[in-house]
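Student: Here it is: the structure, laid out below.
The values are calculated or read from the model by the stated rules, or taken from the named source; none is laboratory data. In this text the structure is predicted, and so the values were computed from the model without any measurement. So basically every Cβ, Gly included, is an ideal-geometry build from the backbone, and we count neighbours across all protein chains shown. For the accessible areas, the whole protein counts, side chains as well, though only heavy atoms, and no ligand, DNA or RNA atoms are used. Shrake-Rupley method; radii C 1.70, N 1.55, O 1.52, S 1.80 Å.
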Amino acid sequence: MNTSTPTQLPLPPPAPGPDARPPAPPPAAGPPEDRAGGRTDARRLPLIATAVIAALIGGATGGAVTAMASDEPASSDTPAMTDGSGDTAQSTSQDAVTPPAGEGLSVSQIAEQVGPSVAAVEVGSRAGQGQGSAVIIDADGHLVTNNHVVEGAGSITVQLADGSRLDATLVGTDPITDLAVLRVDADGLPAATLSTTTPDIGDAAVAIGSPFGLDGSVSAGVVSALDRSLPAGGASLTGLLQTDAAINPGNSGGALVDDRGEVIGINTAIISRSGTSGGVGFAVPSTVAADVADQLIRTGEVQRAVLGVSGRDIDQQVADAYGIDADAGPLVLAVEPGSGAADAGLQAGDIITAVDGERVRSMAELAATVRELAPGDTVEVRGIRDGESFTLQVRLGQA
């Protein structure tokens, strides 16, 4: 069985510098590869992040950001982990434990508490079989996983921690955040608690999932960084948590958990030379997952605001020509006719520096900022045109 590989990105060149954002990798020499953390099929799965900027901002971006993930099939002779009776070992549930103030749960306590809320996902498609992970988010049978785990699936089966296997239906997907919601015909399931707060760098992070088909596997580390953007095909996933907890093929859609036993992220991507964990993994924050899952369950789709421009990050040559810093903001390449941006007077050649007082240094940051807003919102857009600053009021459209 092929195993969903977390989106794997090519390593950037050395000398990353102090910037919190990862440097852009060199352009791919051949055809793009696939996401890491998702399933591994005989075919290559496109990295869903390629649609991020187009959907959120209204067009494609420029710049050499073409990161893709590479999926490698799991070996067919991977040993099965058993409990000694010949059956696959499974986590056992227990009542949630709340640690005393200032203290956290041990890794074993986290595994025992949250393990029953993480399921294995098996996917059948024309390309063959694939596998990933999913997190139970309510007692009524809803689970959240990665879009790239279930994309193109003909059949989906969920295996719970107690060993029971259930057919799952696809409630909805959101390629922009690489999330999807599944539903199984069951109730009283052990739902995980999704954190409503942002972790701090250095906080404990425990990954739970089914790497290489080894269900209920646990790896531990810390939150390495916040608000990461991963380049992919001229666009990017934004706002990700970075962790050094081991994330491997099959972990896609699984849980990243803090030391209070709350899910802080849904594992989705890795950067690796080998295709397996190199200690640089990424997860969609739980706050994003909760919002996306709620919309998918209620309406089957996610409504997003769109500014109505396409653009690119500026390089030093462009910055020198404009007489600005290279991180002043993204360059507008085109404005969509009839959009809020067009109505407000944004033009090709403008540099966007801030939205509603929040500075944006790149198209990825602009996309992340717009994603937090709602269709119909009116926002203040600041920028630079012909060396002069300007401020416009833009009414956001709906993607």
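Let's see how each residue does on (1) modelled with pLDDT of 90 or more; (2) more than 24 Å from residue 291 (Cβ to Cβ); (3) more than 20 Å from the chain's Cα centre (by Cα):
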{"residue": "343", "(1), (2), (3)": "yes, yes, yes"}
{"residue": "346", "(1), (2), (3)": "yes, yes, yes"}
{"residue": "355", "(1), (2), (3)": "yes, no, yes"}
{"residue": "364", "(1), (2), (3)": "no, no, no"}
{"residue": "381", "(1), (2), (3)": "yes, no, yes"}
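Student: Now a separate question. Consider residue 156 carefully, then state whether it is β-branched (Val, Ile, Thr) and part of a loop (DSSP other than H, G, I, E, B).
Tutor: Against the criterion (β-branched (Val, Ile, Thr) and part of a loop (DSSP other than H, G, I, E, B)), residue 156 does not qualify.
Student: Where in region 285-399 are there helices (runs of 4 or more DSSP H), lying fully within it, with 3 or more residues that are surrounded by 20 or more Cβ atoms within 10 Å (Cβ to Cβ) and among the β-branched types (Val, Ile, Thr)?
Tutor: Qualifying helices (runs of 4 or more DSSP H): none found.
Student: Answer with yes or no whether residue 369 is within 25 Å of the chain's Cα centre (by Cα) and of a type in the set (Ser, Thr, Tyr).
Tutor: yes
Student: Return the residues of region 188-202 that are within 15 Å of residue 255 (Cα to Cα) and open to solvent by less than 80 Å² (accessible area, probe 1.4 Å); say none if nothing qualifies.
Tutor: Within region 188-202, 190, 191, 192, 193, 194, 195, 199 qualify.
Student: Hey, among the residues in region 113-130 that are touching an Asp or Glu at 6+ places or on another chain (Cβ under 8 Å) and farther than 25 Å from residue 261 by Cα, which one's least open to solvent (accessible area, probe 1.4 Å)?
Tutor: Restricting to residues being touching an Asp or Glu at 6+ places or on another chain (Cβ under 8 Å) and farther than 25 Å from residue 261 by Cα, the top hit is 130.
Student: Among the candidates 313, 325, single out the residue that is of a type outside the set (A, V, I, L, M, F, W, C) and in contact with a strand residue (DSSP E or B) (Cβ under 9 Å, 6 or more places away or on another chain).
Tutor: Unique residue meeting the criteria: 313.
Student: Among the residues of region 177-187, are any touching a residue at least 24 places away in the same chain (Cβ under 8 Å), among the polar types (S, T, N, Q), in a strand (DSSP E or B) and under 30 Å from residue 372 (Cβ atoms)?
Tutor: Checked against the condition, which is being touching a residue at least 24 places away in the same chain (Cβ under 8 Å), among the polar types (S, T, N, Q), in a strand (DSSP E or B) and under 30 Å from residue 372 (Cβ atoms), region 177-187 yields no hits at all.
Student: Right, here's the next one. Restricting to region 126-149, name every residue that is among the β-branched types (Val, Ile, Thr), more than 14 Å from residue 249 (Cα to Cα) and not in a strand (DSSP E or B).
Tutor: Across region 126-149, the qualifying residue is only 137.
Student: Kindly indicate whether any position in region 180-193 is more than 15 Å from residue 117 (Cα to Cα), within 15 Å of the chain's Cα centre (by Cα) and among the hydrophobic types (A, V, I, L, M, F, W, C).
Tutor: yes
Student: I'd like to verify a number: residues in region 247-282 that are open to solvent by 10 Å² or more (accessible area, probe 1.4 Å) and within 16 Å of the chain's Cα centre (by Cα), how many?
Tutor: Residues that pass the stated criteria total 3.
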